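The structure appears below as structure tokens.
The values are calculated or read from the model by the stated rules, or taken from the named source; none is laboratory data. Given the structure is predicted, the values throughout are model-derived calculations rather than measurements. Note: ideal-geometry Cβ built from the backbone for every residue, glycine included; neighbour counts use all protein chains shown.
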Amino acid sequence: MQEKLRAVIDNVEKVIYGKRQAAEFLLTALLCRGHVLIEDVPGVGKTSLVASLAKSVDCSFKRIQFTPDLMPSDITGFTVYNQKTGDFDFHRGQVMASFVLADEINRASPKTQSALLEAMEESQVTVDGVTHTLPEPFMVMATQNPIEYVGTYPLPEAQIDRFLMRIEMGYPDKRHETAILKNYQSAEPLKDLKPVIDGSVITAAQKQVRSVYVDELIHNYIVNLAAFTRRNESAALGVSPRGSLALCRAAQAWALYNDRMYVLPDDVKLLAEPVLAHRVILRQDARLSQVTPQSVIQQALKNVPAPVARL
């Protein structure tokens, strides 16, 4: 299993250079049936990272370009009366795929953004009272530009909390940026990318994730980290129980990816920031003081003692 999962990451690295951990975080979210929000400035490879992961798995893939005039029905689908048959025909929306790229999600209105909520939470969409099940595996990978950019809308807190992880890409270092120039000069690596596994491997791994052992000490550690954020003076809203569960599931998936059937405290530490930071809502005065959600999580990791091995 581990070899097959690592083959996916190796395949992604044919397109994205120097961002292996970001790709591994995406795969980790996929393994625990989660969704990912990738936020960074334009041009650092957010869309290419998502597309390369989707192309590495032999499943259906749809890209939705979020714009101010995008309607909820464009995402979920709609029904039309058929005069010949006398029935209502369902026209599938763009979300009806295994991998859905919600590109620049914060350029659409909050109403349109919220059309993804049911799909992300329950892997289904309901149109005109009829429920349609989404394929397996199913994953939403959304990209967004920082909210300071013109023409963006902040995501509702309820939708942000549905994302298992929030990832920042960052600029590549000089060595990898030079490799990008060299390899993209005469080719388009993304167009030439081929699948290396099929969807059945992912669904099998998703089932196996649940059997990864998590000690009670690890459970307590995760709960204590979440509790620290709730009583932090900079936070208006701390990490919810959904966030605690997300961190536990992500740690299980990370352990499986690293060929272990048990979770270590280091797994929790590594994943705490991408899984928890976007769930922390800061007080207004804290934001003015340049406090960030990431710094709140780092404070939690520094102040909450990690469990040690039982003798």
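Assorted remarks:
- The listed residues are PRO195, PRO135, and the only one of them that is loosely packed, with under 14 Cβ neighbours inside 10 Å, closer than 30 Å to ASP267 by Cα and not assigned by TED's automatic domain parsing to the domain that holds GLN299 turns out to be PRO135.
Okay, residues lined up against (1) at pLDDT below 90; (2) under 17 Å from the mean Cα position of the chain (by Cα); (3) part of a helix (DSSP H, G or I); (4) outside the structural domain of HIS176 (by TED's automatic domain parsing):
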residue	(1), (2), (3), (4)
VAL15	no, no, no, no
LEU27	no, yes, yes, no
ARG33	no, yes, no, no
PRO42	yes, no, no, no
ASP69	yes, no, no, no
TYR81	yes, no, no, no
THR85	yes, no, no, no
ALA97	no, yes, no, no
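- Subset tally (residues that are in contact (Cβ under 8 Å) with a residue 60 or more places away in the chain and within 19 Å of ARG242 (Cβ to Cβ)) for segment 102-121: 1
- Screening the candidates LEU256, LEU282, LEU301, LEU288 for the property of being touching a strand residue (DSSP E or B) at 6+ places or on another chain (Cβ under 7 Å) and among the hydrophobic types (A, V, I, L, M, F, W, C) yields one hit, LEU282.
- Hits in segment 7-44 - residues which are buried (at least 22 other Cβ atoms within 10 Å of the Cβ), in contact with a helix residue (DSSP H, G or I) (Cβ under 6 Å, 6 or more places away or on another chain) and over 24 Å from VAL95 (Cα atoms): VAL15, ILE16
- Boolean, TYR257 is loosely packed, with under 15 Cβ neighbours inside 10 Å and touching a residue at least 24 places away in the same chain (Cβ under 8 Å): no
- All told, ALA187 falls short of being loosely packed, with under 13 Cβ neighbours inside 10 Å, among the aliphatic types (A, V, I, L, M), modelled with pLDDT under 85 and within 30 Å of PRO293 (Cβ to Cβ).
- Of everything listed in (1) surrounded by 24 or more Cβ atoms within 10 Å (Cβ to Cβ); (2) over 19 Å from VAL275 (Cβ atoms); (3) of a type outside the set (Val, Ile, Thr), the single unmet condition for LYS4 is (1).
- Test: residue in segment 145-153 that is assigned to a helix (DSSP H, G or I) and assigned by TED's automatic domain parsing to the domain that holds ARG63: no
- Qualifying residue in segment 202-223 (condition: surrounded by fewer than 20 Cβ atoms within 10 Å (Cβ to Cβ), over 22 Å from CYS59 (Cβ atoms) and under 20 Å from the mean Cα position of the chain (by Cα)): no
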